[in-house]
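The values are calculated or read from the model by the stated rules, or taken from the named source; none is laboratory data. This structure is a prediction, so every number in the text was calculated from the model and none was measured. Glycine gets a Cβ as well: all are built from the backbone with ideal geometry, and neighbour counts include every protein chain shown.
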Amino acid sequence: MKQKILILMSDTGGGHRSAAEAIQAAFAHDFPDRYDVTLKDGIADAAIFPFNHAADWYLPITTYAEGGWGALFKASNHPRIAPSALRLLDLVASRGLDRLIRDAAPDLVVSVHPLLTTIARRVLRAQGSRAPFVVVVTDLFDAHRLWFDPDADLCLVPTDGARDRALKYGMAENKLQVAGLPVHLKFLANIQRKTRTREQLELDPQRATILLVGGGEGMGQLYNIARAIDRAQLPAQLVIIAGRNKALREKLQAAAWHIPVAIQGFITNMPDWMRASDVIVTKAGPGTIMEAIACGLPIILSGFLPGQEEGNVTFVESSGVGVLRRKPEEIARVLSEWLAPGNDALEKMSARARERARPRAALEIAGILNAVLATAPNPKRINE
């Protein structure tokens, strides 16, 4: 009989689901007959109304009230306020999580979301379960303290910077392991020549390629950045991923362009577009950053969520794989410099990205979790 693994995530942002799906795919790849891995949205499926609709609020709040979101993030990270945040989460989600976890009857629980970590672990133990509880942190550097539950069995962090933050917030050193950020196995596929990938995507195989990404929902000032790049008339072609934002896609399609432009909606083959490109312009989501690094792709960060993504900017710049430029004209100026004849900046950043990449992180994490289960207590419930 297969052992059951429950991964708790939330669709408040894309990074948590993509990390959970990467781990699930890694288990299917390396342990196809051993585990049944289930993903559950611990907020949408467990929280009381209206908090179960938090994913619906996330996009408008982070788009139109960035400052307020940053203030909330930083306030909830204060040592005197964080316990109150946990009490609120307990009221909002503990009963639903109790039902969700009982129904799943897991042999292992993995949290990839900070709001679910401590509450889910408490619920699991209150049920009398001995199932190991593991946290996989998806913030690259400046992680929120709610990620770190000292009573978790293991905490996997993506970088040394995140490990330092975990120690600061009270995690025991023997419960911490730097394992990288899980990216999907699609980023491990055989890498062919960039020109061949461009041909398959119907791009000019000989032309430098800029990839402009706004996330699954087409977030950020994508249109203004695209127009600034076009006005600069760079010696390149521009690929714009507008995501599910139909209005943005139609606006882009209606515009007149001076350089070759390929406009895409929501896509499922991001690895191909990244491998076809020479540089990516994106917001500072951890998943996209680590996917780009896995492809050796230099990064221009066009923005970040205050508090939540500030550490991701620090990671990119300190690693020497990219820069932050928030104004469209500044982005176009940097691209003009990087694409100038004789400038080897892109080549150097690409090399540094490949040095920092951990494209096998999801497989490594699956292996770690497999080892955790191999040494888990039996029976799995205290009262058995």
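Values as computed for the structure displayed
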{"read-out": "Matching residues, region 118-155, being in contact with a Cys (Cβ under 9 Å, 6 or more places away or on another chain) and under 21 Å from Ser18 (Cβ atoms)", "value": "Val134, Val135, Val136, Val137, Trp147"}
{"read-out": "So Gln192, is it touching a His at 6+ places or on another chain (Cβ under 6 Å), surrounded by fewer than 18 Cβ atoms within 10 Å (Cβ to Cβ) and in a loop (DSSP other than H, G, I, E, B)", "value": "no"}
{"read-out": "Helices (runs of 4 or more DSSP H) wholly inside region 1-120 that include at least 3 residues being modelled with pLDDT under 95 and within 24 Å of Val157 (Cα to Cα)", "value": "15-30, 66-76, 82-104"}
{"read-out": "Any chance Gln206 is in contact with a Lys or Arg (Cβ under 7 Å, 6 or more places away or on another chain), more than 22 Å from Arg354 (Cβ to Cβ) and not assigned by TED's automatic domain parsing to the domain that holds Val137", "value": "no"}
{"read-out": "Criterion: surrounded by 21 or more Cβ atoms within 10 Å (Cβ to Cβ) and touching a strand residue (DSSP E or B) at 6+ places or on another chain (Cβ under 6 Å) - qualifying residue of Ala93, Ala20, Ala46", "value": "Ala20"}
{"read-out": "Tally of residues being buried (at least 24 other Cβ atoms within 10 Å of the Cβ) and either over 28 Å from Phe304 (Cβ atoms) or among the basic types (Lys, Arg) (or both) across region 98-130", "value": "3"}
{"read-out": "Residue check, Phe187 assigned to a loop (DSSP other than H, G, I, E, B) and of a type in the set (Phe, Trp, Tyr)", "value": "no"}
{"read-out": "Filtered residues of region 256-284 (kept if surrounded by 13 or more Cβ atoms within 10 Å (Cβ to Cβ), over 20 Å from the mean Cα position of the chain (by Cα) and of a type in the set (A, V, I, L, M))", "value": "Ile259, Val261, Ala262, Ile263, Ala276"}
{"read-out": "Verdict on Ala247 being in the same structural domain as Glu310 (by TED's automatic domain parsing) and over 26 Å from the mean Cα position of the chain (by Cα)", "value": "no"}
{"read-out": "Unique residue being modelled with pLDDT under 95 and in contact with a Pro (Cβ under 8 Å, 6 or more places away or on another chain) when the list is Ala376, Ala357, Ala345, Ala361", "value": "Ala376"}
{"read-out": "Given (1) assigned by TED's automatic domain parsing to the domain that holds Pro298; (2) modelled with pLDDT of 95 or more, index of the condition Glu173 fails", "value": "(1)"}
{"read-out": "Helices (runs of 4 or more DSSP H) within region 219-325 that include 2 or more residues without any contact (Cβ under 8 Å) to a residue 24 or more places away in the chain and charged (D, E, K, R)", "value": "246-254"}
{"read-out": "Some residue of region 345-362 being in a loop (DSSP other than H, G, I, E, B) and either without any contact (Cβ under 8 Å) to a residue 60 or more places away in the chain or of a type in the set (Asp, Glu) (or both)", "value": "no"}
{"read-out": "Identity of the residue in region 336-355, surrounded by 15 or more Cβ atoms within 10 Å (Cβ to Cβ) and over 25 Å from the mean Cα position of the chain (by Cα), that ends up nearest to Ala228 (Cα to Cα)", "value": "Ser336"}
